[in-house]
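Undergrad: Below: one structure in structure tokens.
The values are calculated or read from the model by the stated rules, or taken from the named source; none is laboratory data. The structure displayed is predicted, hence computed values, not measured ones. Cβ placement follows ideal geometry from the backbone for every residue including glycine, while neighbour counts extend to all protein chains displayed. We work out accessible area using only protein heavy atoms, side chains counted, and drop any ligands, DNA or RNA first. Shrake-Rupley method; radii C 1.70, N 1.55, O 1.52, S 1.80 Å.
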Amino acid sequence: MTATALPPRPVTEHAAQLAAWLQEHATELAPWRHRATQGIAAAVEHDRGLLASLHDAGWSRYGWPAETGGLGGPVALRAVLYDELAAADLEVPEAFVILETLGPLLAHLAPHLAAVHLPRFLRGDELWGQGFSEPEAGSDLAHLRTRAVSDGTGFRVTGQKVWTTLGQFASFAAVLARTGAADSAHRGLTMLWVDLAAPGVTVRPIAAASGRDEFAEMFFDDVPVPAEGVIGEVGGGWAAAMYLLQYERGMYAWQRQAVLHRRLRQLAALVGDDAPSGTDVAALGRAQLLCAGLRARSATTVARLSDGENPGPEISVDKVLLGRCEQAVTDAWRRLRGTDMLLGADDSAITGREEWFYSRASTIFGGAADIQRDILADRVLDLPRGAR
Amino acid sequence: MSEHVDELAALAEELLAAGRDQELLAQLADPDVEDLRADPQVAGAVMRVHGRYCVSSGLFDLLVVGAGRSVVLPVPGQESGRPSGAAGSRLVGLVRGGPQDELVLPTEDGPRFLPRDHVVSEAVSGLDPLLGLTLVRSDYDPVVGTATTATGDVLGYAARLLADELVGVAEGALALALEHVRERHQFGVPIGSFQAVRHRLVDAYVDAEGARSLLAAIGPDAAPDVQALVLKASAGAAALRCVAAAQQVCGGMGFTAEFDLHRYVRRALALDALLSGSEAAEEHLGALALRGRVLPDRQVVLT
């Protein structure tokens, strides 16, 4: 289904072109209307087909710079892709979450790495992992312990990372490591691009409560990283992480609202008008209202990102709204499909339960909702700071 | 038009801060500014400031249906008394402030009109005496006329402007609470430094942000049920959340007549109840979705 990529157009026109293409190819794309349910490895493999199609037709390359294998145009064109995929009743591949976390980081701070790896990722040939959290450094990320010691030409990395999404399938990882003194907090960190095939690396999936093992832990034992593996500057790891967060929070929230709006449409169609109770119906309406607010808010954030503006601490509003939406949508499903939640054994019920668990984690990963509230209290509402 | 929006919002801010609400009303009632006040962005911005200062005047009627007219709203909880506009139906409705010369009844078939001398009016004190609600009754049949608002849909537009006002109420209550928790000390520190207080206010602020974003993203041309069930419900829920958070963190002060918070509490509850309360709207929205109309879905578009 390879098509000639069209030159980038204004955002709304681009969206219409993409929607038309998705409709035209609906039959070939039908396998991606549901995610593969035979385990997460099958799902990752399955998604590669969709990634390859979107790459070959050019759609996933818009919004990325030409130097890194993209077709240029504003960042908003990436947002259009995620939105139109969900609107065309397709599953948005999880790889796009990782792409939006690490892609902007590489393109902005390590174009030499982006030139090599971004095209591979977009083709579906390579996945990356995010190595930030550690067993002893979650919300308190600045006190991470993984060390990177200079070996004359590059670095040697030793330590442990955890909660790496799809880490067991990743070829490379962006690892935040301490290059400064042990007490250097956020000042002594460096972001490194680590080859997960290098000697000394062990990656293990974590058995998840949801039954879907989407996280892994990574162990590094004196792992070599060449000098060109530094993303940004030595000692500039915190700045790199803060740069990445605007996309991890902003564009991720946009992706998820696209998915959640699709879930609402699916749920409404599945339940139909079979007279459920008023409170259960209200739970659906509540989820619709919350998702509407998120979409409106997130659209302005995407526009700001697209204009090259960093929304700063206000992006935490999007993150808090998103957590509420994730939970409201899955709670509406739980209420309206209570039998599925409790007893269901088919793919739809299993996916529904997995998503319910995922929604509970959405107020924890990528910066806990409570931390987002502290950021907003300190830096947006200008409240007096207190003990954490 | 955007420079006019800022200009008018600044004027409203200046006059309402000084308690000169009648002067604002008079300025906006000037026939020379008719086009300006009919602009939904201008009207929305003015209503938001109006909400923030928690005042009441004839502004709502002026902006929704124009000078010399009042819009008749359904009485919450009295579905049977809804002004249907059908011949022979007995009218019971609410207007904000005293009825003007002509009353406009929004019906599903478009607006209907009644002269003031065809209605019996009774001022209502109730929950929010400063809101100045008047109960109107009539046994006359309203007549067909022409719509005067830019949208041509009175009820949807009324809901939209109530949403703007409710966002203002949310902001006003939040501002009071933020000021209080910065100043009020307990245990030797400002209470705004306690995480429980901070998080409560942040949650309320996030609600207000969601409602504000929706109003900015969905225009007055969206369907009337989107205006009422999405924009107004979202703003109503945000206002209720903000006044509840403010009531908690302001402690005893919030329960004195001297402290302005009770005005915001009354206003949020009263405005939320008009044209379908936010809780009822949730159920209504869900029911519509189950019948195949999922609102507002993707009405907000990227630009």
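Undergrad: Just to be sure I understand, how many residues within the stretch A:186-195 are farther than 15 Å from A:Asp221 by Cα and open to solvent by 20 Å² or more (accessible area, probe 1.4 Å)?
TA: 2
Undergrad: Which numbered condition in (1) at pLDDT below 95; (2) surrounded by fewer than 19 Cβ atoms within 10 Å (Cβ to Cβ) is the only one that A:Glu214 fails?
TA: All conditions are met except number (2).
Undergrad: For A:Glu214, are the conditions met, namely being in contact with a Leu (Cβ under 9 Å, 6 or more places away or on another chain), over 26 Å from A:Thr37 (Cα atoms) and charged (D, E, K, R)?
TA: No, not satisfied.
Undergrad: Let me ask something else about it. Here is a list: B:Gly236, B:Gly210, B:Gly219. Which entry is outside any helix (DSSP H, G or I), within 13 Å of chain A (Cβ to nearest Cβ) and within 22 Å of the chain's Cα centre (by Cα)?
TA: From the options B:Gly236, B:Gly210, B:Gly219, the qualifying one is B:Gly219.
Undergrad: Also: So which residues in the stretch B:272-281 are of a type outside the set (S, T, N, Q) and open to solvent by 30 Å² or more (accessible area, probe 1.4 Å), if there are any at all?
TA: Within the stretch B:272-281, B:Ala273, B:Glu279, B:Ala280 meet the criteria.
Undergrad: Suppose the filter is without any contact (Cβ under 8 Å) to a residue 60 or more places away in the chain and of a type in the set (Ser, Thr, Tyr); does A:Ser210 pass it? Let's see the steps before the verdict.
TA: Working: without any contact (Cβ under 8 Å) to a residue 60 or more places away in the chain: no; of a type in the set (Ser, Thr, Tyr): yes.
Considered against the rule, which asks whether it is without any contact (Cβ under 8 Å) to a residue 60 or more places away in the chain and of a type in the set (Ser, Thr, Tyr), A:Ser210 comes out as no.
Undergrad: Failed condition for B:Thr256, given (1) under 15 Å from B:Leu174 (Cβ atoms); (2) free of Cβ contacts under 8 Å to residues at least 12 places away in the same chain; (3) hydroxyl-bearing (Ser, Thr, Tyr), with all others met?
TA: (1)
Undergrad: Hey, another quick one. Could you count how many residues in the stretch B:246-271 are of a type outside the set (Gly, Ala, Ser), over 12 Å from the mean Cα position of the chain (by Cα), surrounded by fewer than 19 Cβ atoms within 10 Å (Cβ to Cβ) and assigned to a helix (DSSP H, G or I)?
TA: The qualifying residues number 5.
Undergrad: Let me ask you something else. Filter the stretch A:86-117 for residues that are open to solvent by less than 20 Å² (accessible area, probe 1.4 Å) and touching a Lys or Arg at 6+ places or on another chain (Cβ under 9 Å); which is farthest from the other protein chains (Cβ to nearest Cβ)?
TA: The qualifying residue farthest from the other protein chains (Cβ to nearest Cβ) is A:Ala95.
Undergrad: Is one or more of the residues making up the stretch A:31-50 free of Cβ contacts under 8 Å to residues at least 24 places away in the same chain and in contact with a Pro (Cβ under 8 Å, 6 or more places away or on another chain)?
TA: There is at least one residue in the stretch A:31-50 that is free of Cβ contacts under 8 Å to residues at least 24 places away in the same chain and in contact with a Pro (Cβ under 8 Å, 6 or more places away or on another chain).
Undergrad: Using the structure shown, decide if A:Arg256 is more than 10 Å from chain B (Cβ to nearest Cβ) and of a type in the set (Lys, Arg).
TA: Against the criterion (more than 10 Å from chain B (Cβ to nearest Cβ) and of a type in the set (Lys, Arg)), A:Arg256 qualifies.
Undergrad: Turning to a different aspect of this structure: Please identify the pairs in which a residue from the stretch B:15-40 that is without any contact (Cβ under 8 Å) to a residue 24 or more places away in the chain has its Cβ atom under 6 Å from the Cβ atom of a residue that is in a helix (DSSP H, G or I) and among the aliphatic types (A, V, I, L, M), counting only partners at least 6 apart or on another chain.
TA: Pairs found: B:Leu15/B:Leu24; B:Glu23/B:Leu15.
Undergrad: Every residue in the stretch B:270-289 that is touching a Gly at 6+ places or on another chain (Cβ under 6 Å) and either within 29 Å of A:Thr12 (Cβ to Cβ) or within 7 Å of chain A (Cβ to nearest Cβ) (or both), please.
TA: At the first step, the residues of the stretch B:270-289 found to be touching a Gly at 6+ places or on another chain (Cβ under 6 Å) are B:272, B:278, B:282-283, B:285-286.
Hits for the stretch B:270-289 are B:Glu282, B:Glu283, B:Leu285, B:Gly286.
Undergrad: Further question on the same structure: Does A:Ala387 satisfy the condition of being open to solvent by less than 30 Å² (accessible area, probe 1.4 Å) and on the phi < 0 side of the Ramachandran plot?
TA: No.
Undergrad: So is B:Arg198 touching a strand residue (DSSP E or B) at 6+ places or on another chain (Cβ under 8 Å), modelled with pLDDT of 95 or more and within 9 Å of chain A (Cβ to nearest Cβ) or not?
TA: no
Undergrad: Among the candidates B:Val243, B:Val294, B:Val230, which residue alone is out of contact with any Gly (no Cβ under 8 Å at 6 or more places or on another chain), open to solvent by less than 20 Å² (accessible area, probe 1.4 Å) and at the interface with chain A (Cβ under 10 Å from one of its Cβ atoms)?
TA: B:Val230
Undergrad: Can you name the number of the only condition in (1) open to solvent by less than 10 Å² (accessible area, probe 1.4 Å); (2) out of contact with any strand residue (DSSP E or B) (no Cβ under 7 Å at 6 or more places or on another chain) that A:Arg48 fails?
TA: Evaluating A:Arg48 over (1) open to solvent by less than 10 Å² (accessible area, probe 1.4 Å); (2) out of contact with any strand residue (DSSP E or B) (no Cβ under 7 Å at 6 or more places or on another chain) leaves (1) as the failure.
Undergrad: Can you give me the ranges of the helices (runs of 4 or more DSSP H) entirely in the stretch A:269-388 with at least 2 residues that are within 10 Å of chain B (Cβ to nearest Cβ) and over 22 Å from A:Arg212 (Cβ atoms)?
TA: Filter on the stretch A:269-388 gives A:278-306, A:315-336, A:369-379.
Undergrad: Something else now. A:Glu228 - would you say it is part of a helix (DSSP H, G or I), open to solvent by 40 Å² or more (accessible area, probe 1.4 Å) and either at negative phi or free of Cβ contacts under 8 Å to residues at least 40 places away in the same chain (or both)?
TA: Yes.
Undergrad: Please enumerate the residues belonging to the stretch A:256-314 that are open to solvent by 10 Å² or more (accessible area, probe 1.4 Å), over 20 Å from A:Gln327 (Cβ atoms), in contact (Cβ under 8 Å) with a residue 12 or more places away in the chain and hydrophobic (A, V, I, L, M, F, W, C).
TA: The answer is A:Ala299, A:Ala303.
Undergrad: Can you pull out the residues in the stretch B:152-197 that are touching a Lys or Arg at 6+ places or on another chain (Cβ under 8 Å) and in a strand (DSSP E or B)?
TA: Scanning the stretch B:152-197 gives a single hit, B:Pro190.
Undergrad: Here is a check on your reading of the model: is A:Met251 closer than 24 Å to A:Gly39 by Cβ, buried (at least 24 other Cβ atoms within 10 Å of the Cβ) and either touching a Ser or Thr at 6+ places or on another chain (Cβ under 8 Å) or modelled with pLDDT of 95 or more (or both)?
TA: no
Undergrad: Residue under question is A:Thr158, and the condition is that it be without any contact (Cβ under 8 Å) to a residue 24 or more places away in the chain, outside the structural domain of A:Asp347 (by the TED database), part of a strand (DSSP E or B) and open to solvent by 50 Å² or more (accessible area, probe 1.4 Å); does it hold?
TA: No: the conditions fail for A:Thr158.
Undergrad: While we're looking at this one, here's another question. Where the second residue is among the hydroxyl-bearing types (Ser, Thr, Tyr) and open to solvent by 20 Å² or more (accessible area, probe 1.4 Å) and the first is more than 14 Å from B:Phe259 (Cα to Cα) and facing chain A (nearest Cβ under 10 Å) and lies in the stretch B:169-195, which pairs have Cβ atoms under 7 Å and are six or more apart or on separate chains?
TA: Matching pairs, first to second residue: none at all.
Undergrad: Kindly indicate whether B:Ala238 is modelled with pLDDT of 95 or more, crowded, with 22+ Cβ neighbours inside 10 Å and either closer than 28 Å to B:Leu295 by Cα or of a type in the set (S, T, N, Q) (or both). Spell out how you get there, then give the answer.
TA: Working: modelled with pLDDT of 95 or more: yes; crowded, with 22+ Cβ neighbours inside 10 Å: yes; either closer than 28 Å to B:Leu295 by Cα or of a type in the set (S, T, N, Q) (or both): yes.
The answer is yes for B:Ala238.
Undergrad: Now for a separate question. When you scan the stretch A:351-373, do you find a residue that is small (Gly, Ala, Ser), within 23 Å of A:Thr279 (Cβ to Cβ), surrounded by fewer than 18 Cβ atoms within 10 Å (Cβ to Cβ) and in contact with an Asp or Glu (Cβ under 9 Å, 6 or more places away or on another chain), even just one?
TA: no
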